[in-house]
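Novice: Before we start, here is the structure in question, set down as structure tokens.
The values are calculated or read from the model by the stated rules, or taken from the named source; none is laboratory data. Predicted model only: the values in this text are computed from it and were never measured. Reconstructed Cβ throughout: ideal geometry from the backbone, glycine too, with neighbour counts over all protein chains shown.
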Amino acid sequence: MLTSLNNTGTERNFEYWTPRRKVKVVLDLLKGNATVFDLARKYKLPPSEIKAWLFQAEMHMENGFRNRTRDAAQLHEAQLTEAHAALGKALLRARFQRTPPTRR
């Protein structure tokens, strides 16, 4: 078990959540076995964290139904290309927004 300091400076114990454990919690939600608030209380987690896991699972669920791994690879490549383009734009914007040094 790991410990950290929370906002008030007191220690807070928490466990590392593996993807497998997160899947179990999300499946309980999807099957209707428990609500977000039931699980939050059971595992001593904020409901927002469990909702984030559910959102993440929904975003990636489509890949589980793909017939070929090539489809997943193409999706990954498209996402990577999009991320590189966004990074390039951000770097250009940052470079041209700087004011040049003044000469004396």
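Novice: Can you find a residue in region 47-59 that is loosely packed, with under 12 Cβ neighbours inside 10 Å, acidic (Asp, Glu), in a helix (DSSP H, G or I) and at pLDDT 80 or above? Break it down stepwise before answering.
Specialist: The first filter runs over region 47-59 and keeps only residues loosely packed, with under 12 Cβ neighbours inside 10 Å, leaving 48, 55, 58-59.
The next check asks that each one be acidic (Asp, Glu); those that pass are 58.
Pick out the ones that are also in a helix (DSSP H, G or I) and you get 58.
Add one more test, that the residue is at pLDDT 80 or above, and what stays is 58.
Taking every residue of region 47-59 in turn, at least one turns out to be loosely packed, with under 12 Cβ neighbours inside 10 Å, acidic (Asp, Glu), in a helix (DSSP H, G or I) and at pLDDT 80 or above.
Novice: Here's a follow-up. Do you know which residues across region 71-104 are modelled with pLDDT under 85, surrounded by 10 or more Cβ atoms within 10 Å (Cβ to Cβ) and not acidic (Asp, Glu)?
Specialist: Ala72, Ala73, Gln74, Leu75, His76
Novice: Do the conditions hold for Asn33, that is, is it at pLDDT 75 or above and assigned to a loop (DSSP other than H, G, I, E, B)? Give the derivation first.
Specialist: Working: at pLDDT 75 or above: yes; assigned to a loop (DSSP other than H, G, I, E, B): yes.
Judged against the criteria, Asn33 is a match.
Novice: Could I ask something else about it? Tell me the residue from Phe37, Phe65 that is surrounded by fewer than 12 Cβ atoms within 10 Å (Cβ to Cβ) and in contact with a helix residue (DSSP H, G or I) (Cβ under 9 Å, 6 or more places away or on another chain), please. Walk me through how you get there before you give the answer.
Specialist: On the way: Phe65 fails: in contact with a helix residue (DSSP H, G or I) (Cβ under 9 Å, 6 or more places away or on another chain).
After applying the criteria, what remains is Phe37.
Novice: Taking only pairs six or more apart or across chains, which ones have beta-carbon atoms under 7 Å, a first residue in region 12-30 that is under 14 Å from Lys42 (Cβ atoms) and exposed (fewer than 12 other Cβ atoms within 10 Å of the Cβ), and a second residue that is modelled with pLDDT under 95 and among the hydrophobic types (A, V, I, L, M, F, W, C)?
Specialist: That search, which allows pairs on different chains as well, returns Glu15/Met1.
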